[in-house]
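K.L.:
Attaching a single structure in structure tokens format; questions to follow.
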Amino acid sequence: MANGMESAPDAVQCPVCLKDFASDTINGHLDVCLTDKSEPPSKKCRLGSKVEPPGDNGAGSGSSSVAAPPSSLVFSMFKTSKSKASGPGERNVSLSSKQPAASAANKGLKRNLSGEEEPRREGTEDVQSQSSGSNGQAVKASQGESSPRTLMTSNKPLAQSLRPSTLEEYFGQNKVVGPQTLLRSLLDSQEIPSLILWGPPGCGKTTLAHIIASGSKKKGTARFVTLSATSASTSDVREVIKQAHNELRLCKRKTIMFIDEIHRFNKSQQDTFLPHVECGTVTLIGATTENPSFQVNAALLSRCRVLVLEKLSVEAMGSILERAVARLGIGVLGREPANPRQREQSDAHDPKILIEEKALDTIAHLCDGDARAGLNGLQLAVQAQVTSSRLGQSGADASREILVTEEHVKEGLQRSHILYDRAGEEHYNCISALHKSMRGSHENASLYWLGRMLEGGEDPLYVARRLVRFASEDVGMADPAALPQAVSAFQACHFIGMPECEVILAQCAVYLARAPKSVGVYKAYGNVKACLRNHRGPLPSVPLHLRNAPTGLMKQLGYAKGYKYNPAFSDAVEQQYLPEELQGTDFFTWTPS
């Protein structure tokens, strides 16, 4: 027996890498294994709080570990790999052969502060694949392997369920992340700079951030944390930065912090990021629909690269919708299915769903470049027809085909999804386009930009005030009646309001576009302001003969002396009206020095 023990010493399992080692070499291995780990080891299941004393059958080679003092329980996790009999107490203290698989399956998914799933540790995928039941289903769900029918019946919006995870599925922003762009090469090499993503809603800002996160998780180069400026506070940001310090110091791993709607943070809150972005503790990715020049600190802008994402084109929206119907297993009427296995993924008793190609084109045109609005509109139209079919049919008729037409899509979207923000960037863009179109005497463009603003919900009185300004600035003395026309339009809009006043504004805009233009008064007054601002020394005094003299003292001082009252003369009166220093100046032709 002694010889057998010497020739085959007990094998002990390492709690970190789960490999077997001889009992005389385990301590040396632990020193190396714990030092080489890039991050702290996962938490293990606690040892049983109750340890049964060994019974009558406990006498033997397996009972010594139970009879040891309580301090020796720490080492009881180094179980032997031999399949020899052991007492009940030993089975409670030591880890069974099934325990590593269960603990590995439980620790396979780790969640960070934002709820994002971090990648599995090495060595857990094989163990997880052996698990069955609900654990296996949870792994499939976490990997996004939901069936088409599940995606359609889920309460989660379709735009969120079908969010791309790779740049190959990311459409519409080739100028920014195309194959030959600088950013694409940086993303491929995981050299991610701090970014500010600026673009309209639904153009792919959040999706691009998730793609960056997915690449970082696969390669294990960075930790990804998501916060929203609409709900997060400064203390939340400081906590993430504190964890980023520890992660960089202990694990040599960077932290990517994604801040959605970063313009919601005020200037002092944005200053929190400055030193940490500067020293590289965190890589900041901010997403905003507002102009960063106005909404983001200049100091923070200088530390980040601003990427301008454009509104999605109709072609890009078509590609996104094609990917959606293929993923959902929906067939396009009159077209062969690209993947015949899509129908096999759904229940055989479910009806076949078809959609007209014209309906997809309608969604691509009506969503106004907003992928979120397009995908959710598609989901609404399909779900409505599926529900209507189930309520109206039963038995064998319930398995008939369901056709989604263009009328169903229009009913779901109601009207064009017009992008307009009364307090944002689009507000200033549209009013500038209206002003310049009237200045260029283009009446059709003037009506178009006016309609864009009014249909988007703009205040009609704001537009009317801008028309009053235009009547004096750009039309001026070329048509003096333009100003009364604009003022009358403002008063009429104030009286009756929307929607009746829209034709009044349209009439005024067309009148101003057709009117002759003259900026003489506007330029002359600008020259006067330049003259006053550029004057060196004290401003010239008002000439004495132009001053009023209501008191005797002022008359004695020479006020109003020598003034010629113009109506008292039948001919033109020659007298000086400008200060002595400005005699002969014509501000209509004068050029500031």
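K.L.:
Hey, any hits in the range 522-535 for a residue that's free of Cβ contacts under 8 Å to residues at least 40 places away in the same chain, open to solvent by less than 90 Å² (accessible area, probe 1.4 Å) and among the β-branched types (Val, Ile, Thr)?
P.N.:
no
K.L.:
In the range 473-485, what residues are in contact (Cβ under 8 Å) with a residue 24 or more places away in the chain and either within 20 Å of CYS430 (Cα to Cα) or not in a helix (DSSP H, G or I) (or both)? Reasoning before the result, please.
P.N.:
Step one: list which residues in the range 473-485 are in contact (Cβ under 8 Å) with a residue 24 or more places away in the chain, which gives 473-479, 482, 485.
Of everything in the range 473-485, those that are in contact (Cβ under 8 Å) with a residue 24 or more places away in the chain and either within 20 Å of CYS430 (Cα to Cα) or not in a helix (DSSP H, G or I) (or both) turn out to be GLU473, ASP474, ASP479.
K.L.:
Let me ask something additional. Mind telling me which of the residues LYS555, LYS529 ends up being out of contact with any helix residue (DSSP H, G or I) (no Cβ under 6 Å at 6 or more places or on another chain) and at pLDDT below 90? Let's see the steps before the verdict.
P.N.:
Details: LYS529 fails: at pLDDT below 90.
None of the other options fit; the residue is LYS555.
K.L.:
Only residues that are open to solvent by less than 60 Å² (accessible area, probe 1.4 Å) and either part of a helix (DSSP H, G or I) or closer than 16 Å to ALA489 by Cα (or both): list them for the range 426-442, please.
P.N.:
GLU426, HIS427, CYS430, ILE431, SER432, ALA433, LEU434, HIS435, SER437, MET438
K.L.:
Out of SER432, SER446, I need the residue that is in contact (Cβ under 8 Å) with a residue 12 or more places away in the chain and among the hydroxyl-bearing types (Ser, Thr, Tyr). Which one?
P.N.:
SER446
K.L.:
Please go through the range 536-558 and give me each residue that is surrounded by 15 or more Cβ atoms within 10 Å (Cβ to Cβ) and not in a helix (DSSP H, G or I), ordered by number.
P.N.:
PRO543, ARG547, ALA549
K.L.:
Still on this structure, please answer the following. Quickly run through the range 567-593 and pick out the residues that are in a helix (DSSP H, G or I) and surrounded by 10 or more Cβ atoms within 10 Å (Cβ to Cβ).
P.N.:
Residues satisfying the conditions are GLU581, LEU582.
K.L.:
Still on this model: Considering each of LEU227, LEU208, LEU248 in turn, give the residue that is in a helix (DSSP H, G or I), in contact with a helix residue (DSSP H, G or I) (Cβ under 9 Å, 6 or more places away or on another chain) and hydrophobic (A, V, I, L, M, F, W, C). Steps first, please.
P.N.:
Details: LEU227 fails: in a helix (DSSP H, G or I); LEU248 fails: in contact with a helix residue (DSSP H, G or I) (Cβ under 9 Å, 6 or more places away or on another chain).
Result of the check over LEU227, LEU208, LEU248: LEU208.
K.L.:
Let me ask another. Give me a count of the residues in the range 251-271 that are outside any loop (DSSP other than H, G, I, E, B) and open to solvent by less than 20 Å² (accessible area, probe 1.4 Å).
P.N.:
7
K.L.:
Please verify whether the range 215-224 includes one or more residues that are at pLDDT below 90, of a type outside the set (D, E, K, R), in a strand (DSSP E or B) and in contact with a strand residue (DSSP E or B) (Cβ under 7 Å, 6 or more places away or on another chain).
P.N.:
Checked the range 215-224: at least one residue is at pLDDT below 90, of a type outside the set (D, E, K, R), in a strand (DSSP E or B) and in contact with a strand residue (DSSP E or B) (Cβ under 7 Å, 6 or more places away or on another chain).
K.L.:
If you scan the range 293-319, which residues turn out to be of a type in the set (A, V, I, L, M), closer than 19 Å to GLU357 by Cβ and out of contact with any Gly (no Cβ under 6 Å at 6 or more places or on another chain)?
P.N.:
Hit for the range 293-319 is VAL314, nothing else.
K.L.:
In addition: Return yes when GLN243 is out of contact with any helix residue (DSSP H, G or I) (no Cβ under 9 Å at 6 or more places or on another chain), more than 30 Å from VAL386 (Cβ to Cβ) and open to solvent by less than 70 Å² (accessible area, probe 1.4 Å) and no when it is not.
P.N.:
Against the criterion (out of contact with any helix residue (DSSP H, G or I) (no Cβ under 9 Å at 6 or more places or on another chain), more than 30 Å from VAL386 (Cβ to Cβ) and open to solvent by less than 70 Å² (accessible area, probe 1.4 Å)), GLN243 qualifies.
K.L.:
Out of GLU239, GLU247, GLU145, GLU168, which single residue is more than 20 Å from GLU322 (Cα to Cα), of a type in the set (D, E, K, R) and modelled with pLDDT under 90? Working first, answer last.
P.N.:
Details: GLU239 fails: modelled with pLDDT under 90; GLU145 fails: more than 20 Å from GLU322 (Cα to Cα); GLU168 fails: more than 20 Å from GLU322 (Cα to Cα).
Among GLU239, GLU247, GLU145, GLU168, only GLU247 is more than 20 Å from GLU322 (Cα to Cα), of a type in the set (D, E, K, R) and modelled with pLDDT under 90.
The values are calculated or read from the model by the stated rules, or taken from the named source; none is laboratory data. The structure displayed is predicted, hence computed values, not measured ones. Neighbour counts run over all protein chains shown; Cβ positions are idealised from the backbone, glycine included. Heavy atoms of the whole protein, side chains included, go into the accessibility calculation; ligands, DNA and RNA do not. Shrake-Rupley method; radii C 1.70, N 1.55, O 1.52, S 1.80 Å.
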